[in-house]
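Here the structure is laid out as structure tokens; the discussion comes afterwards.
The numbers here are math on the coordinates, done by the rules we state, and not lab data. Note that the structure is predicted; figures quoted are calculated from it, not measured. In this analysis, Cβ positions are derived from the backbone assuming ideal geometry, glycine residues included, and neighbour counts consider all displayed protein chains.
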Amino acid sequence: MKAVIGGLVSIGAILVGGLAFSTLPRDRTIASFCTSLSGRSHSQRHNSLLALGRLVSVTIKPGATFSFNKVVGTFSQDQGYRKAPVSYNGQLISDWGGGVCQTSTTLYNAALLAGMQIVERHRHRFLPSYILPGRDAAVAYSNIDLSFKNPYPFPVQISGYADGNNLLISFIASNDLAKRPQIISEVRKQSGYQTIEIGSESGHAHVSNSGKEGIEVAIYRVTGDEKELISMDSYPAMSRVVQFH
């Protein structure tokens with residue numbers, strides 16, 4: 001079932017039976033992107049969908065710049081967010097709003113495919129598990145934002161829903177795109193990770209961190225004959241940690 005948690009749907013959308021419907025006239029989807037919620041905790045899912053609820057039906061006027069932090073606001077308890085795992089220097093800690101970055105990442109990729117002009121975007125220090133390298137968009141209220149500009153002479157509206165393990169965000173408009181962009185990834189470098197063992201090897205082994213390879217990747221957007229460098233990101237390797245008890 002498609003649903004937006006909390007009923008936090010902006011003016012301009014109609015919420016019927018848990019389903020969010022757009023009200024743009026003659027709307028058509030100009031871009032969509034989906035990430036998987038599989039393996040995410042209940043609180044991470046809650047926070048992801050709560051942020052999504054604040055995005056649904058937001059309209060970006062021609063030439064206007066959208067700001068994730070301005071639209072979504074603080075990821076605090078009084079706004080309904082829960083403490084959930086977030087990555088801090090490679091370690092998972094519990095903090096308010098854990099999981100919101102999956103929503104901002106899904107939105108970022110939909111924005112790329114919709115031809116939005118990216119104004120501000122930040123990578124995570126270490127690569128998240130739910131997206132390909134170079135395609136993530138970290139947010140943290142209020143200094144780490146995701147923002148982009150609508151370059152078209154017509155308004156564009158954000159739509160989205162969760163369906164099982166799928167988190168999908170779309171851009172809709174009354175006009176279609178003359179050319180549909182494609183996103184290309186180019187891996188420049190890769191490096192392996194080391195394994196750190198803690199405790200006596202005679203004990204029971206527990207992998208507290210599975211480790212991640214380091215990677216440097218360039219992201220390009222190709223629209224017709226035009227090729228645009230979107231970002232160049234370098235993610236350090238994360239050590240694999242084995243603890244013996």
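Shape annotation for the range 146-191: C-alpha extents along the principal axes are 45, 31, 21 Å, from largest to smallest. Per-residue Karplus couplings for the range 182-192, computed as 6.51 cos²θ - 1.76 cosθ + 1.60 with θ equal to phi - 60°, are listed in order as 10, 10, 10, 9, 10, 6, 9, 9, 9, 9, x Hz, Gly and Pro entered as x. By the compact-protein rule of thumb, 2.2 N^0.38 Å, the alpha-carbon radius of gyration of the chain corresponds to a ratio of 1.08. Applying Stokes-Einstein at 20 °C and 1.002 mPa s to the Kirkwood radius of the range 177-226, computed over alpha-carbon pairs, gives a translational diffusion coefficient of 143 µm² s⁻¹. Inter-label distance, R188 to L132: 1.8 nm, where each label sits 7 Å from its Cα along the C-beta direction.
Karplus-derived 3J(HN,Hα) values for the range 115-130, using 6.51 cos²θ - 1.76 cosθ + 1.60 with θ = phi - 60°, are x, 5, 7, 6, 9, 9, 7, 10, 7, 6, 4, 10, 5, x, 7, 9 Hz; glycine and proline are entered as x.
For L146, the residues whose modelled amide H falls within less than 5 Å of its own, excluding neighbours fewer than 5 places apart on the same chain, are F68, N69. Note that the range 56-161, at 37 °C in a medium of 0.692 mPa s, gets a Stokes-Einstein diffusion coefficient of 227 µm²/s from its Kirkwood radius over C-alpha pairs.
Each stretch of four or more DSSP H residues adds -39500 (n - 2.57); spread over every residue of the chain, this sum gives -4000 deg cm²/dmol at 222 nm. Over all other residues within a Cβ to Cβ distance under 14 Å of S147, the charged ones net out to +1, with Lys and Arg as +1 and Asp and Glu as -1. Past 21 Å, Cα to Cα: identify those pairs from K61/K149; K149/K189; K70/K179; K70/K227; K70/K212, in the order given. Correct reply: K149/K189; K70/K179; K70/K227; K70/K212.
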